[in-house]
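Student: Here it is, the structure, as structure tokens.
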Amino acid sequence: MAEVETKRKKSFYKENVPLLMQGNEACALGALAAGCRFFAGYPITPSTEIAEILSRLLPRVGGKFIQMEDEIASIAAIIGASIAGAKAMTSTSGPGYSLMQENLGYAYMAEVPCVIVNVMRGGPSTGLPTKVAQGDVMQSKWGTHGDYFPIVIVPSSVKECFDYTVKAFSLSEEYRIPVTVLSDEVLGHMREIVKLPSQEELNIVTVPKPYEPPEWYKHFEITPDFRSPMASFGEGYRFHLTGLTHDEYGFPTASKTEIVRKLEKLRLKTMRHLDELTDVRVEMMDDAHIMIFAYGSTARAARQAIRMARKRRFKVGLIQPRIIWPFPDQIVREYLERVDLVIVPELNQGQIIREVKRLRYRHVKIIGLNRFDGELITPQQILDKLKEERH
Amino acid sequence: MVEQVSNVTHKYLRPKKTFPNVWCPGCGIGIAMGALIRAIDSLNFNKDDVSVVSGIGCTARIPVYLDFNTLHTTHGRAIAFATGVKLANPKLHVIVISGDGDLLAIGGNHFIHAARRNIDITCILVNNYIYGMTGGQYSPTTPFAKNASTAPYGMIEQSFDPSDLAKSSGATYVARGTVYHASQLSRLISQAISHNGFSFVEVISNCHTQYGRLNREGSAVKMIQWQKEYAVPASAAARMTREELEGKFVTGKLHEVFRPEYVSEYQKIIDKFNEEEEENRQLQES
Amino acid sequence: MADTEKVEVKKKWKKRSDPVVIYKKWCKACFICVEMCPQKVFDTDRDGYPVVTRGLDCTQCSICWLHCPEFAITSSEK
């Protein structure tokens, strides 16, 4: 009996038990819970823990782990695995994410579901490998060349790292699109107490399989909601996949109508479902005159700052988008009408503030609070900024 | 007409694609593609169990015509994609077909690492000594002193020997064929596909449109017949001295060893855990 | 038994004028078949496309259809 107990302890996924874990660990466990069975990666600080954990756990559930020769190969391998029918993920940080951009574009074009966890660190270039930043927000939107509409998730706590990795898999499968999870160095290495949900509580979506006979099958069929079923290699549907602009069967085309149809599909499959792709946490905005727009680990400081400010009778609220691309235009615009001051704290020199300014309503004052010295923004800093503006 | 075009090759061509194919008249890539098809046909594989992966370039246009699970990827990354396909679905026979610029220049890193890893992928390199699709720039295999559109005063870099590179990187099957020796080529390819481990076949081909024009090597036929003159079978080469082999290339099977293959080694780890779990379950039941 | 059958088949194609068929729609007139045929079975027509003119000389060596990059040649024996 004792032996059974020790063997049971090896089980890595414990439901509804408080566990102390890192953000990176939560990402790895979230991936496993979502059904990820393939991971290809390349060591890079501060995302390496995800690879280490999955290299240990994946073979236990029948999955595959491979350490590739670089990040380009890592994302190529996960796209290949996804095409062959496995849910696949890679993790990286800034420099690796830059290397991945080419094949990320391939995944958008060929409509391959996969998940990329980018644990952000200071940049540009090698930058600050062990320090936090939020400099990849615009890169995750505009990184690869050409026209495309990505889905990017920004978690802000260890629990959210878990939940939103699961959600990233669901979204990528549902929309057949690569989904980026923008974690950051602090979030990745911070330990918090997390209770993992049971498998039934997770809402896992898997891309539907086609039901038509192979000769009728179109891999890129344009359906009314722009989400098409997907067959995998080896299932009898012998299709062609290419990064060239292609028709519904996947064959390269230069026909004007086909090109427009394809690129419109890429746009509409995310932009038609904006309501489903809006995930914003709104806090204390009912009576607020001041809005703090924060995401990722900065949102944690903002939340504390709001509590401090409310004690001093400032009417402040928080908008925290968890899905940052597509940008939650609707909700932000709605709240911009009600406030007269917006503070956008960011760990960069002003990236997402441009999006908020784009939606500026009348003469709302929008100011940024930027820190890029490798440290977090503190609640006191936000409070000071607020006092300075409301002086 | 349908009965007339009913060669062995046509069984494996996609009916939805329009022919003739995209390559210049007389291009050896078509011959290499025919050899690949006959090799797969001789092995009697189910079409669903074959996956052909390619990168970018003239050669990389092959998969679109083939009625298999085909993947046309980004420049140089074909092997990395193929690694993912093979690992996720080990049932598939994964064949990478690639050109010299694609595989050895931009994809050189993936090539040597896949060979080192000894993953069960068959890699076919159609070597025409030049970048054909972009207009005749020099490639890693362009011989010394030959001309290319970006080497107008002659190539001053040294070139790769792809087969030697594959062998020293750890490929467990290495062969070289030419498009002139088409039936030998399909034999070599089928050997490579049945080999368990990373197998590499270099196919000497002709690019008369770019390489031939810039170096005054004549028409397609002339270039293909040149291969006949300069090819030395592996058995004959063993008896020849280094001086005699100067300027020639050896064809046939060059290297074959057996080493643990990556996917099956990984499967062993998974099986170990499965057994452990089974034991665990039995313990719990008892 | 098998041998006599073979002989019969051989006679059959000997009689026919076209031991190989060229699918002109796919042909790009690259001359590989014309120049590589050891028996010189092909000639070119006015547009430069190969035509079988000395079909009786054909030995079914398969060089032409093995080397046709366009898959435009089919041996009628196969």
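Student: Taking into account only those residues within segment A:242-252 that are within 11 Å of another protein chain (Cβ to nearest Cβ) and either of a type outside the set (D, E) or touching a Gly at 6+ places or on another chain (Cβ under 9 Å) (or both), which is most open to solvent (accessible area, probe 1.4 Å)?
Tutor: A:Y249
Student: Is there any pair linking a residue in segment B:163-185 that is under 14 Å from B:Q227 (Cα atoms) and within 14 Å of another protein chain (Cβ to nearest Cβ) to one that is surrounded by fewer than 24 Cβ atoms within 10 Å (Cβ to Cβ) and charged (D, E, K, R), with Cβ under 8 Å and at least six apart or on different chains, and which?
Tutor: Matching pairs, first to second residue: B:T178/B:K228; B:Y180/B:K228; B:H181/B:K228.
Student: Something else now. Quick one: would you say A:L318 is open to solvent by less than 10 Å² (accessible area, probe 1.4 Å), assigned to a strand (DSSP E or B), under 27 Å from A:E102 (Cβ atoms) and not assigned by TED's automatic domain parsing to the domain that holds A:Y108?
Tutor: Answer is no for this residue.
Student: Also: On the basis of being assigned to a helix (DSSP H, G or I), open to solvent by 10 Å² or more (accessible area, probe 1.4 Å) and within 14 Å of another protein chain (Cβ to nearest Cβ), does A:G105 make the cut?
Tutor: yes
Student: Can you spot a residue in segment A:122-131 that is in contact with a His (Cβ under 8 Å, 6 or more places away or on another chain) and not assigned by TED's automatic domain parsing to the domain that holds A:S297? Break it down into steps so the answer makes sense when it comes.
Tutor: Taking segment A:122-131 and keeping what is in contact with a His (Cβ under 8 Å, 6 or more places away or on another chain), we get none.
Checked segment A:122-131: no residue is in contact with a His (Cβ under 8 Å, 6 or more places away or on another chain) and not assigned by TED's automatic domain parsing to the domain that holds A:S297.
Student: In segment A:82-102, is there at least one residue being within 7 Å of chain B (Cβ to nearest Cβ), closer than 25 Å to A:V137 by Cβ and part of a helix (DSSP H, G or I)?
Tutor: So far as segment A:82-102 goes, yes, one or more of its residues are within 7 Å of chain B (Cβ to nearest Cβ), closer than 25 Å to A:V137 by Cβ and part of a helix (DSSP H, G or I).
Student: If you go through segment B:13-31 one residue at a time, do you hit one that is under 21 Å from B:H195 (Cβ atoms) and either at the interface with another protein chain (Cβ under 7 Å from one of its Cβ atoms) or in contact with a strand residue (DSSP E or B) (Cβ under 7 Å, 6 or more places away or on another chain) (or both)?
Tutor: Taking every residue of segment B:13-31 in turn, none turns out to be under 21 Å from B:H195 (Cβ atoms) and either at the interface with another protein chain (Cβ under 7 Å from one of its Cβ atoms) or in contact with a strand residue (DSSP E or B) (Cβ under 7 Å, 6 or more places away or on another chain) (or both).
Student: Kindly evaluate A:T206 against the criterion of being under 25 Å from B:H72 (Cα atoms), in a loop (DSSP other than H, G, I, E, B), in contact (Cβ under 8 Å) with a residue 60 or more places away in the chain and away from every other protein chain (no Cβ under 14 Å).
Tutor: For A:T206, the condition - under 25 Å from B:H72 (Cα atoms), in a loop (DSSP other than H, G, I, E, B), in contact (Cβ under 8 Å) with a residue 60 or more places away in the chain and away from every other protein chain (no Cβ under 14 Å) - is met.
Student: Quick one: is A:F39 modelled with pLDDT of 95 or more and surrounded by 23 or more Cβ atoms within 10 Å (Cβ to Cβ)?
Tutor: Spelling it out, A:F39 is indeed modelled with pLDDT of 95 or more and surrounded by 23 or more Cβ atoms within 10 Å (Cβ to Cβ).
Student: Can you name the residue in segment B:87-111 that is closer than 22 Å to A:K87 by Cα and facing chain A (nearest Cβ under 8 Å) and, of all such residues, is most open to solvent (accessible area, probe 1.4 Å)?
Tutor: B:K91
Student: Hey, does segment B:51-59 have a residue that's of a type outside the set (S, T, Y), without any contact (Cβ under 8 Å) to a residue 40 or more places away in the chain, open to solvent by 10 Å² or more (accessible area, probe 1.4 Å) and away from chain C (no Cβ under 14 Å)?
Tutor: Taking segment B:51-59 first, the residues of a type outside the set (S, T, Y) are B:52-53, B:55-58.
Now narrow it down to the ones that are without any contact (Cβ under 8 Å) to a residue 40 or more places away in the chain: none.
Among the residues of segment B:51-59, not one is of a type outside the set (S, T, Y), without any contact (Cβ under 8 Å) to a residue 40 or more places away in the chain, open to solvent by 10 Å² or more (accessible area, probe 1.4 Å) and away from chain C (no Cβ under 14 Å), which makes the answer no.
Student: Another one. Could you please let me know if A:S140 is in a helix (DSSP H, G or I), farther than 20 Å from B:I79 by Cα and open to solvent by less than 10 Å² (accessible area, probe 1.4 Å)?
Tutor: So A:S140 passes the test.
Student: Might you check whether a residue that is of a type in the set (D, E, K, R) and either modelled with pLDDT of 90 or more or crowded, with 21+ Cβ neighbours inside 10 Å (or both) occurs anywhere in segment A:197-205?
Tutor: no
Student: Please find, among A:K218, A:K256, A:K265, the residue that is more than 14 Å from chain B (Cβ to nearest Cβ) and buried (at least 17 other Cβ atoms within 10 Å of the Cβ).
Tutor: Of A:K218, A:K256, A:K265, the one residue that is more than 14 Å from chain B (Cβ to nearest Cβ) and buried (at least 17 other Cβ atoms within 10 Å of the Cβ) is A:K265.
Student: Looking at segment A:236-271, which of the residues that are charged (D, E, K, R) and touching a helix residue (DSSP H, G or I) at 6+ places or on another chain (Cβ under 7 Å) is nearest to B:R14 (Cα to Cα)?
Tutor: Only one residue tops the list, namely A:R238.
Student: I would also like to ask the following. Would you point out the residue of segment A:42-77, among those that are open to solvent by 30 Å² or more (accessible area, probe 1.4 Å) and assigned to a helix (DSSP H, G or I), that is nearest to the other protein chains (Cβ to nearest Cβ)?
Tutor: A:R60
Student: Also, quick follow-up: Looking only at segment C:30-77, which residues are within 13 Å of chain B (Cβ to nearest Cβ) and aliphatic (A, V, I, L, M)?
Tutor: Those that are within 13 Å of chain B (Cβ to nearest Cβ) and aliphatic (A, V, I, L, M): C:I32, C:V34, C:M36, C:V52, C:I63, C:L66, C:A72, C:I73.
Student: Tell me, please, whether a residue that is in contact with a helix residue (DSSP H, G or I) (Cβ under 6 Å, 6 or more places away or on another chain) and farther than 26 Å from A:R338 by Cα can be found in segment A:280-290.
Tutor: no
Student: Something else now. Which of the residues spanning segment A:327-338 are in a loop (DSSP other than H, G, I, E, B) and open to solvent by less than 10 Å² (accessible area, probe 1.4 Å)?
Tutor: A:P328
Student: Here is a follow-up. How many residues, within segment A:276-315, are farther than 16 Å from A:K387 by Cβ, of a type in the set (A, V, I, L, M) and open to solvent by 10 Å² or more (accessible area, probe 1.4 Å)?
Tutor: 3
Student: For the structure I just gave you, tell me whether B:Y153 is crowded, with 21+ Cβ neighbours inside 10 Å, farther than 15 Å from B:V201 by Cβ and of a type in the set (S, T, Y).
Tutor: So B:Y153 does not fit the description; no.
Student: Okay, next question. Collect the residues in segment A:182-194 that are in a strand (DSSP E or B) and surrounded by 13 or more Cβ atoms within 10 Å (Cβ to Cβ), keeping them in residue-number order.
Tutor: A:L182, A:S183, A:D184, A:R191, A:E192, A:V194
Student: When segment A:346-388 is examined, which residues are found to be in a helix (DSSP H, G or I) and open to solvent by less than 50 Å² (accessible area, probe 1.4 Å)? First the steps, then the outcome.
Tutor: Within segment A:346-388, the subset in a helix (DSSP H, G or I) is A:353-358, A:379-388.
A:I353, A:E355, A:V356, A:P379, A:I382, A:L383, A:K385, A:L386 - these are the residues of segment A:346-388 that are in a helix (DSSP H, G or I) and open to solvent by less than 50 Å² (accessible area, probe 1.4 Å).
Student: Just one of A:M291, A:M230, A:M271 is in the same structural domain as A:L369 (by TED's automatic domain parsing) and at pLDDT 90 or above; which is it?
Tutor: A:M291
The values are calculated or read from the model by the stated rules, or taken from the named source; none is laboratory data. No experiment lies behind these values; they were computed from the predicted model shown. So basically every Cβ, Gly included, is an ideal-geometry build from the backbone, and we count neighbours across all protein chains shown. Each accessible area value is taken on the protein alone, full model and side chains, heavy atoms only, with ligands, DNA and RNA left out. Shrake-Rupley method; radii C 1.70, N 1.55, O 1.52, S 1.80 Å.
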